[in-house]
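Following: one structure in structure tokens, then a few remarks.
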Amino acid sequence: MMDTVKYLLTEEDIPRFWYNLVADLPEPPPPVLHPGTGQPIGPDDLAPLFPMGVIEQEVSAERYIEIPGPVRDILRQWRPSPLYRARRLEKALDTPARIYYKYEGVSPAGSHKPNTSIPQAFYNKQQGIKRITTETGAGQWGSALALAGAFFGLEIQVFMVKVSFQQKPYRRAFMETFGATCIASPSDQTESGRAILREHPDSTGSLGIAISEAVETAVRTPDTRYALGSVLNHVLLHQTVIGQEALRQFDLAGDYPDIVIGCTGGGSNFAGIAFPFLGEQLRGGKAVEIIAVEPANCPTLTKGRYAYDFGDTAHLTPLVKMFTLGSTFIPPGFHAGGLRYHGMAPLVSQVVKLGYANPRAYHQQECFEAGVQFARAEGILPAPEANHAIRATIDEALRCREEGISKAILFNLCGHGHFDMQAYSDYFAGKLYDQEYDESELAMALAGLPSVAA
Ligand SMILES: Cc1ncc(COP(=O)(O)O)c(C=O)c1O
């Protein structure tokens, strides 16, 4: 029999519904709170920030939510994404493990992010919104929203974390190609940005600061809303096309994963690959071991506290219960900008809290080592964020070799690294260091968590 390398679906097989894990969880995540009143917020509180179509999804407990036709039509451009069997990597590792990866780098922006930028732009357009503001860390989300803006005729303004803006100048040119504006954050264009610059003129920025700038701009500009590329329930929901496709592709392969692995920044690509499999398990299907991989110097799930916190640094967002390092925590400037967020999606936090997923943290050098080994075997150059998932995958495959067992391991190759070559150059030049985060800064940020009545 031929050794199949990629399992492909047709455009007809693109899921017609998004899958909402909330419907199957024994306990839903605690409510989002208004920071002023401490009371659960309602749809009207979110209306200045998001269009109603998105807000309805944010609070929905329905198991399946229909994907609008115009959204599915655009998803056809790159979906269904391929599921690969990493046969050459298996050989290189001399492992009995069966390694599979879902490749989201086939999207026009190079990552999983367009899976949610397209529907978010759609619902904004439907409501007559003219402009969307956002933040971006790695540049992948900003690129994805820029692309969606071009498809739907919306103006897009992106605040890009300064350290990434400097590391990846071509991401800005990419966004500009699609008609978007890209500004290094912290900037002097918002009160939040100016406040940071007054105190820290050399600030390299953080996702928390960039979110503050984007939210502030959205709220004070007419016909403008804000879009977030991760963390929130509706974003995780949109990403479930990944795992739903993977379920069907495993049918084609005649296999089923024992282990599912994703890297976690705000939690969206991890949720996208893992939640549909977890849903099967919660409805009586086969149990899977789920591993969430994060960077050791922004260790939200492994070192953070499960508490109510703000999503941004200037405290303009509602309070969400999540694993957090404290909204003022600024991680060292390592080369995986998409994973430098102080918090974690409330739904992913709840899944970890309930014991359905195990978090794990790695330093960047061991992740780049894994990414290079993967690239040399499989021919795809991964985004530095994805290297975290690859590290865990290789470690699990090596464990299979030691123990002489064959497990099926699935990981999400959430993006390619073609705009991240400076990071790879630094790695090859021996200029990439495993910097530790500052323990006293973390303690201070945690001490500053808002107090919320039980
Ligand atoms: C390629 C890639 N992977 C992962 C992430 C992390 O985000 P999330 O945890 O929401 O998937 C990002 C964020 O920018 C990214 O660009």
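The values are calculated or read from the model by the stated rules, or taken from the named source; none is laboratory data. All of these numbers come straight from a predicted model, not from anything done at the bench. FYI the Cβ positions are ideal-geometry reconstructions off the backbone, even for glycines, and counts take in every protein chain you see. Surface areas here come from the heavy atoms of the whole protein model, side chains and all, with no ligands, DNA or RNA. Shrake-Rupley method; radii C 1.70, N 1.55, O 1.52, S 1.80 Å.
Pull up the DSSP beta bridges for segment 193-338 and report the antiparallel fraction as a percent, rounded to 5.
Details: 6 of 11 bridges.
The antiparallel proportion sits near 55 percent.
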Segment 23-108 pair-distance distribution - Cα-Cα, 10 Å bins, rounded %: 12, 24, 25, 22, 13, 4
Compute the projected area of the convex hull of the Cα atoms of the chain, averaged over all viewing directions, and report it in nm² to one decimal place. 20.2
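Can you give the accessible area per residue of segment 45-110, in Å², using a 1.4 Å probe? Don't skip to the answer; put the middle values down first.
On the way: 2600 Å² over 66 residues.
For segment 45-110, the solvent-accessible area averages 39 Å² per residue.
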Given 10 Å bins starting at zero, what is the percent of C-alpha pairs of segment 266-313 in each, up to the one with the largest pair distance? 21, 39, 31, 8, 0
Mind checking Rg over Rh on segment 195-308, alpha carbons, Kirkwood formula for Rh? 1.09
From zero up to wherever the largest Cα-Cα distance of segment 103-180 sits, split into 5 Å bins and tell me the percent of pairs in each. 3, 18, 29, 26, 16, 6, 2, 0
So what is the calculated 222 nm ellipticity per residue for the chain, using -39500 (n - 2.57) for each DSSP H run with n of 4 or more, over all residues, to the nearest 500 deg cm²/dmol? -12000 deg cm²/dmol
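Where a ≥ b ≥ c are the square roots of the eigenvalues of the C-alpha gyration tensor, would you call segment 333-452 rounded, which needs a/c under 1.5, or, failing that, prolate if a/b is larger than b/c, or oblate? Before the final figure, lay out the partial values.
Numbers: a/c = 2.03, a/b = 1.26, b/c = 1.61.
Here segment 333-452 falls in the oblate category.
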What fraction of the DSSP beta bridges in the chain is antiparallel, stated in percent and rounded to the nearest 5? 35
Report the one residue of VAL215, HIS200, ASN233 whose Cα lies farthest in the direction of the positive end of the charge dipole of segment 190-304 (charges on C-beta: Lys and Arg +1, Asp and Glu -1; origin at the Cα centre). VAL215
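Within segment 163-240, report the trypsin sites (Lys or Arg not before Pro) that DSSP leaves as loop and that have at most 16 other Cβ atoms within 10 Å.
Working: sites: ARG171, ARG172, ARG194, ARG198, ARG220, ARG225; in loops: none.
Taking segment 163-240 and a limit of 16 other Cβ atoms within 10 Å, no loop trypsin sites (Lys or Arg not before Pro) are found.
Quick one: net charge around ALA447, please, counting Lys, Arg +1 and Asp, Glu -1 for every other residue with C-beta under 11 Å from its C-beta. Write out the running numbers ahead of the final one.
Working: positive: ARG305; negative: GLU441.
Overall, the nearby charge balance is 0.
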For segment 357-454, with the dipole built from +1 on Lys and Arg beta-carbon atoms and -1 on Asp and Glu ones, taken about the Cα centre, which of TYR362, GLN422, ILE409 lies farthest toward the positive end? ILE409
Give the accessible surface of segment 398-454 per residue, rounded to a whole number of Å², with probe radius 1.4 Å and ligands, DNA and RNA excluded. 58
If Lys and Arg each add +1 and Asp and Glu each add -1, what is the summed charge of the other residues whose beta carbon sits under 13 Å from the beta carbon of PRO119? 0
Scattering from the C-alpha atoms of segment 270-423 alone, worked out with Debye: what is log10 I(q)/I(0) at q = 0.09, 0.20, 0.21 1/Å? -0.32, -1.33, -1.39
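So what's segment 65-104 giving for Rg/Rh, alpha carbon basis, Kirkwood Rh from the mean inverse pair distance? Intermediate results must be reported in sequence, preceding the final value.
Details: Rg = 15.8 Å, Rh = 12.4 Å.
Rounded to two decimals, Rg over Rh is 1.27.
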What number comes out for the charge environment of ALA218, summing +1 per Lys or Arg and -1 per Asp or Glu over other residues with Cβ under 15 Å away? -4
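Return a whole-number percent for the relative contact order of the chain, with Cα pairs under 8 Å and 6 or more residues apart as the contact set. Kindly include the intermediate steps, with their values, before the conclusion.
Working: 994 pairs, mean separation 86.6, N = 454.
Normalised by residue count, the contact order of the chain is 19 percent.
Write down Rg/Rh for segment 1-47, rounded to two decimals, with Rg from the C-alpha atoms and Rh from the Kirkwood relation over Cα pairs. Before the final figure, lay out the partial values.
Values: Rg = 20.5 Å, Rh = 15.6 Å.
A ratio of 1.31.
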Against the longest principal axis of the chain, how steep is helix 384-403, in degrees 0 to 90 to the nearest 10, with axes from Cα atoms? 30
How much of the accessible area of the chain, probe 1.4 Å, is carbon plus sulfur, in whole percent? 51
Which translational diffusion coefficient, to the nearest whole µm²/s, is obtained for segment 95-251 from the Stokes-Einstein equation, given a Kirkwood hydrodynamic radius over C-alpha pairs, 37 °C and 0.692 mPa s? 202
For segment 1-95, calculate the relative contact order in percent as a whole number, restricting contacts to Cα pairs under 8 Å that are 6 or more residues apart. 49
Straight distance only, please: which lysines reach the Cα of LYS321 with their own Cα at less than 25 Å, same-chain residues fewer than 8 apart left out? LYS113, LYS303, LYS353
Taking the chain as the reference, fit the longest principal axis to its C-alpha atoms, fit the long axis of helix 364-378 to the helix C-alpha atoms, and give the angle between the two in degrees, 0 to 90, nearest 10. 50
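What number comes out for accessible area per residue over segment 286-387 if the probe is 1.4 Å? Units Å², please. Let's see the in-between values first.
Numbers: 2820 Å² over 102 residues.
With the other protein chains kept in place, segment 286-387 gives 28 Å² per residue.
Calculate the all-directions average of the projected area of segment 284-357's alpha-carbon convex hull, and give it in nm².
Values: hull surface 23.0 nm².
Projected area, direction-averaged: 5.7 nm².
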With everything on Cα atoms, drop me the angle between helix 114-126 and the longest principal axis of the chain, reported from 0 to 90° to the nearest 10. 40
